[in-house]
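The structure appears below as structure tokens.
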Amino acid sequence: MSWKTLDDMDFAGKTALVRVDINVPFEGGAVSDMTRINAVLPTIRDISAAGGKVVLLAHFGRPKGKVVAEMSLQQVREALSDALGKPVAFAADCIGGPAKKAVMAMNSGDVLLLENTRFHAGEQQNDPMFAASLAALGDIFVNDAFSAAHRAHASTEGLAHLLPSCAGRLMASELQALDAALGNPTHPVIAVVGGAKVSTKLDLLGNLVSKVDQIVIGGGMANTFLAAQGKPVGKSLCEHDLAQTALEILTKADEAGCMILLPVDLVVAREFRANADNEVVTECPEDAMILDAGPASVAAINAAFASAKTLIWNGPLGAFELDPFDAATNAAAQCAADLTKDGKLVSVAGGGDTVAALNRSGAAQEFTYISTAGGAFLEWMEGKTLPGVKALEG
Ligand code: AMP
């Protein structure tokens with residue numbers, strides 16, 4: 001895997017088309033979470049400092065190829081400008097006259113945000129004409145939107161074939177972290193796969209059994225495995241129809257020499273709510289539901305972490321939004337964080353609710369890398385080729 005970075009390009013006097021993911025949440029008319037904006041600042045600053053003109057391409061919401069006023073990126077411009085500490089100009093269309101005029105007005109080091117690329121149907125269709133209209137605006141394509149790299153759209157994939165291309169800072173660090181965890185990791189590698197359902201993670205498990213040495217299966221999906229092994233799961237969330245699939249995954253893991261760790265004790269309750277009465281059991285009673293892994297399971301997981309060199313984590317070990325059923329997730333996350341801090345473990349996590357679960361545990365800061373990319377992170381874990389990344393390899 002090889003791709004160019006900002007350091008391989010000469011931006012002086014050039015116009016860089018920079019694909020970013022600033023699809024940020026809004027509350028009460030203001031950006032309510034700056035994470036994605038802050039994450040792309042290093043790329044913007046570095047190109048700007050190198051004398052380049054920075055033209056930002058991004059999507060916002062799902063306007064489906066039409067102009068939808070509530071999905072205008074104009075609303076994000078001010079927050080971006082404040083975070084950057086310099087003016088950000090705006091063009092009311094990402095191609096054609098308004099875009100050309102705005103680019104013409106730029107000086108070296110300036111930053112321009114173009115309107116939502118998804119206002120044009122050609123974006124999601126990866127239409128060559130639309131990609132060519134974007135390419136006509138600049139000299140170099142910089143992709144800094146790993147989280148959109150699983151989509152083959154004009155601004156994430158098509159453009160890379162039309163202009164000299166490279167990865168931005170965020171994209172490069174994301175690719176490096178994921179390569180260290182799954183592409184070219186130091187063994188033993190342990191994966192944690194938790195969350196609600198096996199059905200959404202079949203491809204992921206199928207890929208992991210041949211790549212990692214151990215997999216901790218947790219959360220609601222562990223119930224499906226326990227049931228497949230003939231263990232009682234009471235009223236737990238469980239995909240009984242996937243029993244055969246679960247057994248096939250266990251066999252495949254066995255053949256590949258990948259050890260599977262399922263919970264050995266369980267925290268059960270009679271109600272799915274915070275602070276519901278609960279107990280630790282080894283077998284789920286008929287009228288109860290499993291909401292977390294028990295302390296013996298956590299001890300086994302922590303021991304497994306201690307003998308691993310690399311950890312890749314997706315999905316919580318229990319119903320983490322409900323106190324105290326976040327206990328196993330929190331304790332295992334803390335153990336991974338401590339081992340990482342001591343230099344004993346490379347820990348990478350991401351996808352879906354994982355970031356929220358690890359943030360809640362308070363241990364996220366110490367992880368080697370936490371990816372904020374949802375779908376793209378999962379597809380990477382599934383072993384799929386990400387079109388936006390492949391196009392950069394060129
Ligand atoms: P996912 O999006 O697949 O990563 O699943 C995350 C969701 O799984 C969270 O909302 C958790 O509350 C839920 N979850 C995890 N363990 C359980 C469980 N034992 N029973 C019900 N829901 C669970």
- Normalising by the residue count of region 1-142, find the relative contact order in percent from Cα pairs under 8 Å and 6+ residues apart. 31 percent
- Go ahead and set up a Gaussian network model of the chain, Cα springs under 10 Å, then flag whichever of 376, 191, 243 fluctuates most. 243
- Item | Beta bridges per DSSP with both ends in region 161-292, % antiparallel, nearest 5 | 50 percent
- Task: Please find, in a Gaussian network model of the chain (springs between Cα atoms separated by less than 10 Å), the residue of 156, 329, 245 whose mean-square fluctuation is greatest.
- Result: 245
- Query: Which value at 222 nm does the chain reach when only helices count, each DSSP H run of 4 or more adding -39,500 (n - 2.57), with the total divided by all residues and rounded to the nearest 500 deg cm²/dmol?
  - Reply: -10000 deg cm²/dmol
- Item | Helix 295-306 axis, angle to the chain major axis (alpha carbon atoms, nearest 10°) | 50 degrees
- Task: Using DSSP, restrict attention to beta bridges with both residues in the chain and report what percent are antiparallel, rounded to the nearest 5.
- Result: 20 percent
- Note on the structure: At the level of C-alpha centres, the distance separating region 255-298 and region 366-394, in angstrom, is 31 Å
- Could you state the per residue volume, in Å³, of the convex hull enclosing the Cα atoms of region 198-301? 95 Å³
- Could you tally the net charge around residue 135, taking each other residue with its Cβ under 14 Å from the Cβ of residue 135, Lys/Arg +1 and Asp/Glu -1? -1
- Query: For region 26-112, what percent of Cα pairs sit more than 18 Å apart?
  - Reply: 47 percent
- Message: Can you tell me the orientation of helix 169-178 relative to the chain, as the angle in degrees between its alpha-carbon axis and the longest Cα principal axis, to the nearest 10?
- Response: 30 degrees
- Message: What does the charge count around residue 370 come to, taking other residues whose C-beta lies under 14 Å from its C-beta (Lys +1, Arg +1, Asp -1, Glu -1)?
- Response: -1
- 19 Å Cα-Cα threshold exceeded, pairs from 14/100; 66/390; 14/66: 66/390; 14/66
- Note on the structure: When the chain is treated as a Gaussian network with springs between alpha carbons less than 10 Å apart, the largest mean-square fluctuation among 249, 215, 301 is found at 249
- Note down the Stokes-Einstein diffusion coefficient of the chain in µm²/s, whole number, using a Kirkwood radius over alpha carbon pairs, 4 °C, and 1.567 mPa s. 58 µm²/s
- Query: So who's got an amide H within less than 5 Å of the one on residue 192, skipping anything under 5 residues away but keeping other chains? H placed 1.01 Å off N, in plane.
  - Reply: 216, 312, 313, 314
- Three-way shape label, region 311-366, alpha-carbon gyration tensor, a/c 1.5: prolate
- Near residue 211, which aspartates and glutamates are there with a Cα under 14 Å away, not counting those fewer than 8 places off in the same chain? 179, 203, 254, 255, 382
- Once the other residues with Cβ under 15 Å from the Cβ of residue 108 are scored (Lys, Arg +1; Asp, Glu -1), what is the net sum? 0
- Selection from 303, 380, 87 lying farthest towards where the dipole of the chain points positive, charges on Cβ: 87
- Item | Relative contact order (%) - criterion: Cα under 8 Å, at least six apart; region: region 109-185 | 29 percent
- Which peptide among 31-37, 198-204 comes first, and what is the full order, when sorted by highest mean count of other Cβ atoms within 10 Å? 198-204, 31-37
- Task: Mind putting a number on the dipole of the chain about its Cα centre? Charges go on the C-beta only, +1 for Lys and Arg and -1 for Asp and Glu, and I need it in Debye to the nearest 20.
- Result: 1140 debye
- Note on the structure: Counting only DSSP beta bridges with both partners in region 1-160, the antiparallel fraction in percent, to the nearest 5, comes to 10 percent
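Since every read-out is calculated from the coordinates, none of them should be taken as a lab result. Model, not experiment: these values are computed from the prediction. Cβ coordinates were reconstructed from backbone atoms using ideal geometry, including for glycine residues, and neighbour counts include every protein chain displayed.
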